[in-house]
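Read the structure below first, then the notes.
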Ligand SMILES: [Zn+2]
């Protein structure tokens, strides 16, 4: 039982009554004297309650102060980027995607749902495109995963990008030069994931990002404002504050790295 709210309240009363009582002669009215006396009695009772085990369970205490809203504090917190609790293995759905490493295909519910939904969407929107390849997500309980700095909390997944003709190799990533990128298919997959509202960021090589940006503008699929929002300028502070964005990362010429939000929409705790 947490009695701090009770004693804190009484102490405030004590300060209000007795500090006013002794602050100056003109404040020493009968009212402040009475408040002071009552608060002294109350604080004594509270002290007795704190040390008196026989009162345990009989005290009515104020409820603990409500936790501050996560959004107010700017804190991170609905899940962890370091370990995975209640992880699920990406189901084997070869019509939607191929799993490169089933042993490290464990993710949060948000991640698994997103990948399955994306697979279903692509099979409907682009039926001629290959099922996309899914690389590492996390180990069953998360934690360090060989070859990665992240991929520890089931909220990161490596996903293949499409070569000309909507092609992706099964069970592996293959190099894709910017001129070979199937922009329409790759953008369709990225757009679906971004539109889900579940993505914190997607990492991709800057050459592919430039190609996709120019194409979406030219096709009239995105406005200048949309492009500025989704593809923030490299190094801008905004790129760390916003969600649903695409950023450059080296070594991402043959796949994209997708980081999802926690189930409650917050970023993962570091
Ligand atoms: Zn990755």
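The values are calculated or read from the model by the stated rules, or taken from the named source; none is laboratory data. Please read these numbers as outputs of a predicted model, since none were measured by experiment. Neighbour counts run over all protein chains shown; Cβ positions are idealised from the backbone, glycine included.
Some points to look at:
- Some residue of segment 198-205 being more than 16 Å from the ligand (Cβ to nearest atom) and in contact with a helix residue (DSSP H, G or I) (Cβ under 8 Å, 6 or more places away or on another chain): yes
- Matching residues, segment 146-158, being surrounded by 23 or more Cβ atoms within 10 Å (Cβ to Cβ) and either in contact with a helix residue (DSSP H, G or I) (Cβ under 9 Å, 6 or more places away or on another chain) or on the phi > 0 side of the Ramachandran plot (or both): 151, 154, 155, 156, 157
- When segment 89-116 is filtered for residues that are in contact with a helix residue (DSSP H, G or I) (Cβ under 8 Å, 6 or more places away or on another chain) and over 17 Å from residue 152 (Cα atoms), the ones remaining, listed by number, are 91, 92, 93, 95, 96, 97, 114.
- Check on residue 175, over 22 Å from residue 125 (Cα atoms), touching a residue at least 24 places away in the same chain (Cβ under 8 Å) and out of contact with any helix residue (DSSP H, G or I) (no Cβ under 6 Å at 6 or more places or on another chain): yes
- The lone exception for residue 92 - which of (1) part of a loop (DSSP other than H, G, I, E, B); (2) within 14 Å of the ligand (Cβ to nearest atom) it fails: (2)
- Selection count where residues are in contact with a strand residue (DSSP E or B) (Cβ under 8 Å, 6 or more places away or on another chain) and either closer than 20 Å to residue 192 by Cα or outside the structural domain of residue 191 (by TED's automatic domain parsing) (or both), scope segment 97-122: 14
- Filtering segment 156-181 to residues that are within 11 Å of the ligand (Cβ to nearest atom) and assigned to a loop (DSSP other than H, G, I, E, B) leaves only 173.
- In the set (1) within 23 Å of the chain's Cα centre (by Cα); (2) under 27 Å from residue 106 (Cβ atoms); (3) away from the ligand (no atom under 16 Å from the Cβ); (4) surrounded by 21 or more Cβ atoms within 10 Å (Cβ to Cβ), the condition left unmet by residue 266 is number (4).
- Assessment of segment 110-123 against the conditions (in a loop (DSSP other than H, G, I, E, B) and away from the ligand (no atom under 16 Å from the Cβ)) yields no matching residue.
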